[in-house]
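Peer 1: I have a structure here, written as structure tokens, and I will follow up with some questions on it.
Laboratory data are not the source of any read-out in this text; all were calculated from the coordinates shown. As the structure is a computational prediction, the values presented were derived from the model and not from experiment. Every residue, glycine as well, gets a Cβ built from its backbone with ideal geometry; the counts of neighbours run over all protein chains shown.
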Amino acid sequence: MRELRLKEAQICFGRNSTRQVGHAARELIGGSRAFLLTDNHCEKIARTVRNSLRDAGYRVTQKSLTPGEKKKSLSTANTLYPVLLAAGLDRSSVFLTVGGGVITDLGGFVASTYMRGLPLIHVPTTLLAQVDAAIGGKTGVNLPHGKNLVGTFYQPKAIYADADNLSTLPQKELIGGIAEVVKCAMIRDASLFHFLEKNTDGILNRDSSLLDEIIYRTASIKADVVEVDEKEGGGACHPQLRPHGGACNRSGAPIPENSSRRSGLDRDGGRGTYFLDHGVRQVGRRRETEKPASRLPASDTDHTRFMEKSAEGDHVRQEGPGWAAKVCPSR
Ligand SMILES: NC(=O)c1ccc[n+]([C@@H]2O[C@H](COP(=O)([O-])OP(=O)(O)OC[C@H]3O[C@@H](n4cnc5c(N)ncnc54)[C@H](O)[C@@H]3O)[C@@H](O)[C@H]2O)c1
């Protein structure tokens, strides 16, 4: 198992690490009660976490939500607070999330606001959540007016990113996460980019060792960025991470002044989408002799759907990314 430190968070990587969550909670936090928030698609992973918590002596209460972005709301948060009260949770208890970015964002928000904050552990189960949403301490819920308009900065005590937990993830969700990984590699780590090029088939076939490697390396990039600029400097990233000058998202991706998506990017953080819009074209240039892709779809993550809706026209159409076409086959 590999580990990184980010602020007060211990980030643990490694296949099968999920079984150690109970032990980690005991070591890092203590207490006797635990609350586990998950969604119906992640029940199997939640069971592993629940068993490890029980083995570590915790009395566990679990709540499973219907999956989907709609649940990331104040009304869901409002239904959870009374459940926490009824389960006797107090500030000596542990709050855990087991799920994708919707669950880590919502759970983080509830954990940070109930009794002014409970110790939190994330077990992210999508690639996007393992390399991005669970890292950095941003929590949030949506309002009818837009995404992530209410939230907090709240660092978890631990994050368990276990590549084996991606085995049941739908392919389109895996690809959404890969978009984030490629974006980070293009901006910050050429050797990771070459690793991705070399191992595309294995990654798409979910070789757990390869997934473990890209999760670790991408999460390390995120952790570096957050370490320097935890709260995004009021909207723009730290100059150190912005060699190109202008505005950028938290990974350091530049957002051109004249981008028709700029307003959407500013609201959303633009994760993945900038890469899909511009970055892949660079990959395409490297492989001009390969068969062109007719259309490079955006990932199906909600933020990307949001971006597509807010953009004018179809900006994800691409001209010839052979390698990217393999990652994102046309549809
Ligand atoms: N806080 C941040 O810094 C940050 C960063 C990026 C994205 N986000 C947020 O993350 C959310 C998107 O996250 P996401 O892409 O993980 O989507 P998600 O949480 O909606 O998960 C996608 C789907 O995959 C299912 N799923 C999750 N893990 C699974 C598994 N192991 N096996 C089978 N099914 C599984 C979920 O039930 C859901 O249906 C958005 O709300 C976005 O705003 C937050």
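Peer 1: Quick check: residue separation of M115 and L28 times 0.36 nm, minus the Cα distance between them. What number comes out in nm?
Peer 2: Values: separation 87, 0.36 × 87 = 31.32 nm, distance 1.94 nm.
Working it through step by step, the gained length comes to 29.4 nm.
Peer 1: I need the semi-axes of the equivalent ellipsoid of the stretch 1-145: take the C-alpha gyration tensor, multiply each eigenvalue by 5, square-root it, list largest first in whole angstrom.
Peer 2: Working: eigenvalues 87, 65, 42 Å².
Values for the stretch 1-145, descending: 21, 18, 14 Å.
Peer 1: So what J values fall out for the stretch 14-29 if you push phi through Karplus, 6.51 cos²θ - 1.76 cosθ + 1.60 with θ = phi - 60°, rounded to Hz, Gly and Pro as x?
Peer 2: With the stated coefficients, the stretch 14-29 comes to x, 5, 6, 5, 3, 5, 9, 4, x, 4, 5, 4, 4, 5, 8, 10 Hz.
Peer 1: Tell me, what ³J(HN,Hα) does each residue in the stretch 118-130 have, in order and in whole Hz, if you take phi through Karplus 6.51 cos²θ - 1.76 cosθ + 1.60 with θ = phi - 60° and put x for Gly and Pro?
Peer 2: After applying 6.51 cos²θ - 1.76 cosθ + 1.60, I find 10, x, 10, 10, 9, 10, x, 10, 10, 4, 4, 5, 5 Hz.
Peer 1: Could you point to the residue in V150, G99, V110 farthest towards the positive end of the stretch 2-166's charge dipole, with +1 and -1 charges on the Cβ of Lys/Arg and Asp/Glu respectively?
Peer 2: V110
Peer 1: Using θ = phi - 60° and the Karplus relation 6.51 cos²θ - 1.76 cosθ + 1.60, list the HN-Hα couplings for the stretch 144-159 in order, rounded to whole Hz, with x at every Gly or Pro.
Peer 2: In residue order, the calculated couplings are x, 7, x, 7, 6, 7, 10, x, 9, 9, 8, 7, x, 7, 8, 10 Hz.
Peer 1: Still on this structure: Which cross-chain or sequence-distant (5 or more) residues have an amide H under 5 Å from the amide H of N142, H modelled 1.01 Å from N in plane?
Peer 2: S73, L74, N148
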